[in-house]
Every structure is written in C-alpha cells, then in structure tokens.
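**Q** Have a look at this one before I ask anything.
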Amino acid sequence: MKLQDQDTGDWSLYREDLGGPIGGMTLLGWWPKSLFRALSDHAEVIQWTGSIIHAENERSPSMGSGHFAGELDGKAASFNDCFGFAENGNVYKGDYAALSYESDRNCYSVSEWYETKHAAGRHFFYGGPGGCSEKN
C-alpha cells in the first residue's frame, strides 16, 4: 500500500502483514517528494522488479530461490497478492500488462501473471540458478 503524506507530499510504501507493527503493516520504504518530479498525486506505472549484480570475472549469482519460474509453487520464488490502487482508493481490478525481461534465459526467468482465488491472489514466479557470465 502506498501512502502520500498530505502535509509534506512525501511517499511511503507498506506491505500488509498479519500482525505487522504499524496497523498490521510493515514499512518498506519512504521517499521524499523531491525524487518524484513527474509524479503529482498518482502513479502511471507499477513495477515489481528484481536484479542481480556481479563482477565481470565472476559467475552470476542465483535469483530468488535459485529455481526457474516454470518450476512454479514450491520451488520458484514468487511475488504474491500484487495489486495497486485506483484513484478512488479501491483495489485496481483492471488488466495488469505483463512485461518481462530476462538478460539470459539460461540463467533466469519470470512467469506471466497468475490469478487465483487462494491466498496468493494475483502473483507471478521468478528466479534461476545463475551461473552465467558476461563472457559466455
């Protein structure tokens, strides 16, 4: 859940947790409004992303659980219950376009969106064993 401070215009991002310390939520981050010059009172794009970095002379590390997205539940890492909010404050029920980029599909992968009725809700899988090098 993102919140904009009505007095300062600064932004906070929270994760809903059962028993989280702030009204059942956990603070993930805070950003001053000065970082978002083009963002007035709403976002045009929401992205769930991940990246890895490694020295040029080393093999790339694993991502997520180290399993490819296609291995799905129980193996691959996932982002669960992903959603944004519409301008009226309600959960956005529209289409979430799936755009993915894997620098090397032999090392990492990301799935399409899945929509389920169980606790995971709208979710996707990602990850991979790594082991690639820029020199491959």
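**Q** What nm value, rounded to one decimal, do you get for the distance between Asp104 and Glu58 when each label is placed 7 Å out toward the C-beta?
**A** 1.4 nm
**Q** Then there is this: How long is the gain from Trp31 to Thr49 if the chain were fully straight, where each residue apart is worth 0.36 nm and the alpha carbon distance is subtracted?
**A** Stretched fully, the Trp31-Thr49 segment lengthens by 4.7 nm.
**Q** Take Tyr114 and Asp73, extend 7 Å from each Cα along the Cα→Cβ direction, and tell me the distance between the two endpoints in nm.
**A** Taking the two extended label points, one gets 0.6 nm.
**Q** Starting from the Cα-Cα distance between Tyr92 and Asp7, subtract it from 0.36 nm times their residue separation and give me the gain in nm to one decimal.
**A** Result: 28.1 nm gained on full extension.
**Q** Here's a follow-up. With a 1.4 Å probe and every protein chain left in place, tell me how much accessible area Trp30 has, in Å² to the nearest 10.
**A** Estimated to the nearest 10 Å², Trp30 gives 140 Å².
**Q** Next up: Using a 1.4 angstrom probe on the protein heavy atoms only, line up Thr8, Thr26 by accessible area, largest first.
**A** Thr8, Thr26
**Q** Largest first, how would Ser60, Ser103 line up by accessible area (1.4 Å probe)?
**A** If we order Ser60, Ser103 from most to least accessible, we get Ser103, Ser60.
The values are calculated or read from the model by the stated rules, or taken from the named source; none is laboratory data. Since the model is a prediction, treat every value here as computed from it, not as a measurement. As a convention, Cβ positions derive from the backbone with ideal geometry for all residues, glycine included, and neighbour counts pool all protein chains shown. What goes into the accessible areas is simple: the full protein's heavy atoms, side chains included, and nothing from ligands, DNA or RNA. Shrake-Rupley method; radii C 1.70, N 1.55, O 1.52, S 1.80 Å.
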